[in-house]
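Heads up: the structure comes next, in structure tokens.
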Amino acid sequence: MVLNRHNPSHNSLAVLRQFVRKPRVSLERCELCAAQLALNHQHLLELEKEQVTCACDPCAILFGGNSRQRYRRIPRDVQQLTDFAMDDFEWESLLIPINLAYFVKVDDAGETVARYPSPGGAMESSLDLEYWSAIVERNPALRSFEPKVEALLVNRISTPMYFRAPIDQCFRLVGLIRKNWRGLSGGAEVWHEIDGFFAELKARSSEAQIA
């Protein structure tokens with residue numbers, strides 16, 4: 001290596017440059033075939049473990065529909081259900097202790113469970129079938145939700161909002177609350193994050209009539 005005697009600082013910089021490595025770009029890969037993934041890639045639900053798996057388009061398309069496979073493709077569309085019918089009495093009858101919850105069919109027969117986020121993760125609440133059936137009667141679109149991978153996501157913290165949401169978005173909300181919750185009331189940061197989550201969800205959703 002030849003050094004420049006007339007410019008010691010230049011020499012030092014030249015030596016340092018040999019040891020400086022460009023930061024690696026972290027690339028996500030399909031968990032099934034290892035292909036490089038785009039930023040906005042597909043997700044699959046591993047049914048037995050209820051875990052989200054990242055997938056490329058060719059792999060994801062193999063798991064569409066309700067076939068009996070290890071994975072099921074998670075839809076990507078979000079719909080805000082602007083005409084969803086649920087009054088305060090009906091909500092209270094579901095015995096969910098907070099004003100955030102998601103409802104998901106756990107089998108093809110239509111059995112539905114309610115889950116709500118907590119500082120410890122997702123908690124499950126059993127549903128009174130009589131009350132839930134009455135809500136479904138008033139909102140028949142609930143029957144068309146795809147089991148396990150689509151959910152009715154409800155936010156009744158202030159003005160009630162109802163979404164037909166992919167299950168990965170529900171998991172994301174649970175993780176957000178678990179990560180940011182502080183103390184007994186959660187702290188200002190977690191409520192800011194919750195507001196941001198629903199603002200983003202509303203911005204990317206299409207409005208749908210509940211029929």
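The values are calculated or read from the model by the stated rules, or taken from the named source; none is laboratory data. All values derive from a computational prediction rather than experimental measurement. Methodologically, a virtual Cβ is constructed for each residue, glycine included, from the backbone with ideal geometry; neighbour enumeration extends over all protein chains shown.
Can you spot a residue in the stretch 82-98 that is within 18 Å of the chain's Cα centre (by Cα) and touching a residue at least 24 places away in the same chain (Cβ under 8 Å)?
Checked the stretch 82-98: no residue is within 18 Å of the chain's Cα centre (by Cα) and touching a residue at least 24 places away in the same chain (Cβ under 8 Å).
Somewhere in the stretch 145-165, is a residue surrounded by fewer than 16 Cβ atoms within 10 Å (Cβ to Cβ) and among the basic types (Lys, Arg)?
So far as the stretch 145-165 goes, no, none of its residues is surrounded by fewer than 16 Cβ atoms within 10 Å (Cβ to Cβ) and among the basic types (Lys, Arg).
I'd like the full set of residues that are surrounded by 12 or more Cβ atoms within 10 Å (Cβ to Cβ) and either in the same structural domain as Lys148 (by TED's automatic domain parsing) or in a loop (DSSP other than H, G, I, E, B) (or both), limited to the stretch 49-63.
Selection gives Glu50, Cys56.
Could you list, in sequence order, all residues of the stretch 150-209 that are charged (D, E, K, R), out of contact with any helix residue (DSSP H, G or I) (no Cβ under 8 Å at 6 or more places or on another chain) and without any contact (Cβ under 8 Å) to a residue 60 or more places away in the chain?
Lys179, Asp195, Glu200 - these are the residues of the stretch 150-209 that are charged (D, E, K, R), out of contact with any helix residue (DSSP H, G or I) (no Cβ under 8 Å at 6 or more places or on another chain) and without any contact (Cβ under 8 Å) to a residue 60 or more places away in the chain.
Checking the structure you have, find out if any residue of the stretch 155-173 is out of contact with any strand residue (DSSP E or B) (no Cβ under 8 Å at 6 or more places or on another chain), assigned by TED's automatic domain parsing to the domain that holds Lys202 and under 23 Å from Arg76 (Cβ atoms).
Among the residues of the stretch 155-173, at least one is out of contact with any strand residue (DSSP E or B) (no Cβ under 8 Å at 6 or more places or on another chain), assigned by TED's automatic domain parsing to the domain that holds Lys202 and under 23 Å from Arg76 (Cβ atoms), which makes the answer yes.
Among all residue pairs at least 6 apart or on different chains, which show Cβ distances below 7 Å where the first residue, located in the stretch 38-62, is more than 11 Å from Asp168 (Cα to Cα) and the second is of a type in the set (Ser, Thr, Tyr)?
Partner pairs satisfying both residue conditions: Glu46/Thr53; Glu46/Tyr71; Leu47/Tyr71.
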